[in-house]
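First the structure, in the form of structure tokens, and then the observations on it.
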Amino acid sequence: MPVLKNINELEAVREKARAHKKDRENNKLSIILGMGTCGIAAGANEVAAAVREELDKFDLEAEIIHVGCIGMCHNEPLLDIQQPGGARITYTKVTPALVGKIFEKHLIKGEYSKRWIFGQIPGANGEIVEGLPTYDELPFYGKQVRIALRNCGLIDPENIEDYLASGGYGGLAKALFKMSPDDVIEEVKDSGLRGRGGAGFLTGLKWEFCRKAKGYPKYVICNADEGDPGAFMDRSVLEGDPHALLEGMIIAAYAIGAPEGYIYCRAEYPLAIERLKIAIRQAYEMGLMGKNILGSDFSFDLKIKEGAGAFVCGEETALIASIEGKRGEPRPRPPYPAVAGLWGKPTNVNNVKSYAITSQILTKGADWFSEIGTDKSPGTAVFALTGKIKNTGLIEVPMGISLREIIYDIGGGIPDKKEFKAVQTGGPLGGCLPVEALDTPVDFDSLTAAGATMGSGGMIVVDQETCMVEFARYFLTFASAESCGKCVPCRLGGQRLLEVLTRITSGDGTLEDLDEIERISKYMREGSLCALGQLTPGPVMASLRFFRAEYEAHVTEKFCEAGVCAGMFTYEIDADRCTGCGLCMKACPTKAIIGEKKVVHVIDQSQCIQCGACYDVCNLGAVLVKRKHELPVIEAAQGEGVI
Amino acid sequence: MGKVNLIIDGKEIQAEQGDTILQAARRHNHYIPILCDHPALPPEGACRICLVEIEGQRALHPSCTYPVTEGMVVETNTERVRAARKFNLELLISDHPLDCMTCEATGNCLLQDLAYEYEVKEDVFHGTRHHFSVNDPNPFIQVDRNKCILCRRCVRACREINGVEAISVFYRGFNAYIGFGADSSMDNSPCEFCGSCVEVCPTGALWPKLSLGQGRSWEVEKVQTTCPYCGVGCQLVLEVKDNKIIKVDSAWEGPSNHGWTCVKGRFGYDFIQHADRLDKPRVRKYLLDGKQKPAASKRDHEKEGNPWQWVEVDWEVALGITAEKMNQTRDTYGADSMGFLTSAKCLNEENYLMNKLTRQVIGTNSIDHCARL
């Protein structure tokens, strides 16, 4: 690739890339494989090998394109076929054995098997296959608006040409040659973009603080230390569209006046780091990074710093300490990093998505962005949908959409005919919301007002089988283990709070413990040094607020209605639903179930160990979770366990 | 530096630009309790005892790190602030032994003082406690992590005062503890035993082994003195009980050492009361008798009447014999047969006199000084 010396050369390269892409779409067969970490974990490497093998077998010539995650993690591995001048058709849950069959049907016979096909993306000239749904017609994608994820799953993240063809680095060119740094800051301020790391601080304002701060050099840092359990938004951007981040960072650096930047990415994201390295190298080679970017006066260098796995390093001052080679732990603010950050110099820290969105704001303008979403939370929100939901994956929705739409329309609702119980947003430092809150609009302020937080994008759905006390305890275990140990309320308060929760889930809780939870939580929030300590009680407080009855049942009746907390419930077979199929009898490891074929079964409580095997195998929902004292005592059962 | 006007607890005060709230308060003798701060160390913001309310701020902030701004209104002793402090003290006490009656630091322990002030009498949480063994094998400092409140004063003292960084925090959250080197014992770490960590420890977690069981802080008389070891002239504060030194503290105002000492100044005082210490001069019996060096072995020199026996004499006799022998040697073998070595323990004046003695009285230039080595 040539070093680009001005904007015209950039546009020339872009035109070439577009022509190349058009030529490929019009004249070549493309096989597109989802090669994000989710795809690879589901077996995409094996599918890729099978693709090469089958192409040889059918004597077909095709361009194999590796893309990042398109969001449908529940359907991986994905294989898309785009025939010359045709639509891109997506096959889901592809196995190596299936590849040959797909090729034979699709490429040889020209048949489209609806059994395997998810949908289609129209071709370059709008070509579609009749009878197959387009992505926009499918609920999973229909309600999405993809800005941060605009290219994820659509372009080859290791090929800068693809990014350029999609309009990439256009925002940077515009900023460098048509706008002053102050103009850029005004544009970002006008867009109303709020930081996507979770706190929702106005990005443009943050940049302005840093620009106005005295000190040189200044730094821009990307916080890619995504550590929430069940969250993978940033990883997907890094793996699927790394140049979007780089472009945003260079724009930020130009606006602030920073000659240097760091991407702080956790080492547990090897593929993301690999692709970032490739992207950075490409950007340097093309003169999009380094000295005199695109021939301008602006120079910028970017390095990757790999984090060693501490969750707290997602806190900006801890992250900065870690880059400096110190123990990764936060320090009190003020001074804020915008004034005294890395090496004591003015530093701007933003999340991956914030930067990825910025490059689009510069390309398309502040007005375009602020029209999406709500007044106070413009734009989109990216969520990693996980838990008890049909369509787990990565989505990007306009702010203001309701939780219900996300969970039921996009997410497809709760699997296995189970009931929705709660949704946790904001990760282990967020909060859960109950069914009554399903119509809450998703934006920074509404979620906070409802009792949860926006966070950086984790969304975990749970059904009736989740004990909310245990659920809160799980997050608390995580957060207290990840406390850096620096300040007293977090180091010791987290431990004490966890002990109270553990007492409750193990049946030793009292009503006073519920007051104790509130007391500890209050002071942890008030006195902790950083957001980790302040928000550690979040999940506990939210679940206590919305599921207080469940907490009370745990402490007063020693009953866990979800059937999770050991020793605090028992199983009973509902005589009306049981058909006497014998499945539960076979599954029971202690032979505690008494019965005959086609005769209602009964559980001998003296033998039952509450392992849940019967509950899991029963297809009829006949195994019920009951309070211990509600059960009739089966006296005759003693000694007659085996029939 | 400009001045900043602010109001602390209803009182208008003036602070220096760049002050923290705590520094401003201290300038005006306004008390804000704190554990992790030490005037000789940079602020940490870890203990959360110095939390204050700042008008216009939702959360409580640590006064030790929060910079003053013009017109700021600070409340340091409201119900809300006191409740937050008490909670933090309760947490600390929930993982701290309640053995004040036998603890070395009693009477000189900030945690004890604050527990008293905030009426924290017992562990209200009844949760898990740490049980560290107190067995660091180094010869000078007892390390009792059970009493450590992780204020990190020692970490900062090692880094900022001695510049060694032998102490750091290991692990995270509730499992965090203070450790040395690569999580080893103190004597297996880069530690130089300057004792700065002991000096700044607000509890009994770090204590000089020499001082264990020697006395309480209220029983001692504090005497400031100059360290006798070398010529730097470090100031020390001796804790003296019954005319016996039981501990050495830092003299923070010492012009040459600002509170720092080396291992010798801090811990090298046990010779003072040592049974083997000579407090009068001694000479060999044969010298006292005016005889020649005997051919007999020194083996039985402790026996009465042996010519090698050490005999206690007064200074006049001892110096007389020394002078006589020196004269004899110079006269017999010449001045250059003799050499003189002086010590950094001596004062400048004493070293000057030694120089005079060597060059002018004896007549040789062979004089050296241990500090040159």
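Quick notes on this structure:
- Share of alpha-carbon pairs per 20 Å distance bin for the protein assembly as shown, given as whole %: 11, 32, 30, 17, 8, 3, 0
- In the range A:18-133, the ratio of gyration radius to Kirkwood radius, Rg to Rh, stands at 0.93 when only Cα atoms are counted.
- Average Cα contact separation per residue, chain A, under 8 Å, 6 or more apart, as relative contact order %: 11
- Projected area averaged over orientations for the range A:115-199, convex hull of C-alpha atoms, nm²: 9.0
- In terms of distances greater than 24 angstrom between alpha carbons, the cross-link table entries A:178/A:364; A:21/A:364; A:305/A:326; B:241/B:264; A:291/A:326; A:206/B:3 yield A:291/A:326; A:206/B:3.
- Candidate lysines for bridging to residue B:303, where Cα separation is under 21 Å - those fewer than 8 sequence places away on the same chain excluded: B:280, B:285, B:291, B:293
- Table column - 3J(HN,Hα) (Hz), the range B:134-139, Karplus curve with 6.51, -1.76, 1.60, x for Gly and Pro: 9, 9, 5, x, 4, x
- The alpha-carbon atoms of the range B:145-265 define a convex hull whose volume equals 112 cubic angstrom per residue.
- Reachable aspartates and glutamates, given that their alpha-carbon falls under 14 Å from the alpha-carbon of residue A:57 and they are not under 8 places away in the same chain: A:104
- Remark: B:63, B:168, B:337 ranked as B:337, B:168, B:63, counting other beta-carbon atoms within 10 Å and listing the fewest first.
- If the convex hull is drawn through the Cα atoms of chain B, its volume per residue in Å³: 206
- Working note: Cα gyration tensor of the range B:235-373, eigenvalues times five, square-rooted, sorted largest first, giving semi-axes of 35, 25, 12 Å.
- Near residue B:16, the amide H atoms lying under 5 Å from its own belong to B:4; only residues 5 or more places off or on other chains count, and H is placed 1.01 Å from N.
- Inter-centroid distance (Cα atoms) of the range A:8-50 relative to the range A:517-553, Å: 47
- Residues whose placed amide H lies under 5 Å from that of residue A:287, excluding near-sequence neighbours: A:4
- Partner shielding of B:117-125 amounts to 1, given as the average count of beta-carbon atoms from other chains within 10 Å of each residue beta-carbon.
- Extreme residue, positive dipole direction of the range A:225-317, given options A:265, A:311, A:233 (C-beta unit charges): A:265
- Less than 5 angstrom separates the built amide H of residue B:284 from those of B:311, all sequence-distant by 5 or more or on a different chain.
- Scanning chain A for long hydrophobic helices, with DSSP H runs required to stretch 18 angstrom or more by C-alpha along their axis and to average at least 0.5 on the Kyte-Doolittle scale, returns A:242-256, A:468-481.
- Here the 3J(HN,Hα) profile of the range A:150-165, calculated from phi with Karplus coefficients 6.51, -1.76 and 1.60 at θ = phi - 60°, is 3, 9, 5, x, 10, 10, 7, x, 9, 10, 5, 4, 4, 5, 5, 4 Hz, Gly and Pro shown as x.
- Contact order normalised by residue count of chain B, Cα under 8 Å, 6+ apart, percent: 10
- Ranked A:236, A:446, criterion: other C-beta atoms within 10 Å, fewest first: A:446, A:236
- Ranked by how many other Cβ atoms sit within 10 Å of their own Cβ, fewest first, the residues B:91, A:132, B:278, B:60 fall in the order B:278, A:132, B:60, B:91.
- Residues in the range A:82-87 carry Karplus couplings, in order, of 10, 7, x, x, x, 7 Hz; the curve used is 6.51 cos²θ - 1.76 cosθ + 1.60 with θ = phi - 60°, and Gly or Pro positions show x.
Quick note: the coordinates plus some simple rules give every number you see, no bench work behind them. Quick caveat: nothing in here was measured; it's all calculated off a predicted structure. All Cβ positions, even for glycine, are placed from backbone atoms using ideal geometry, and neighbour counts span all protein chains on display.
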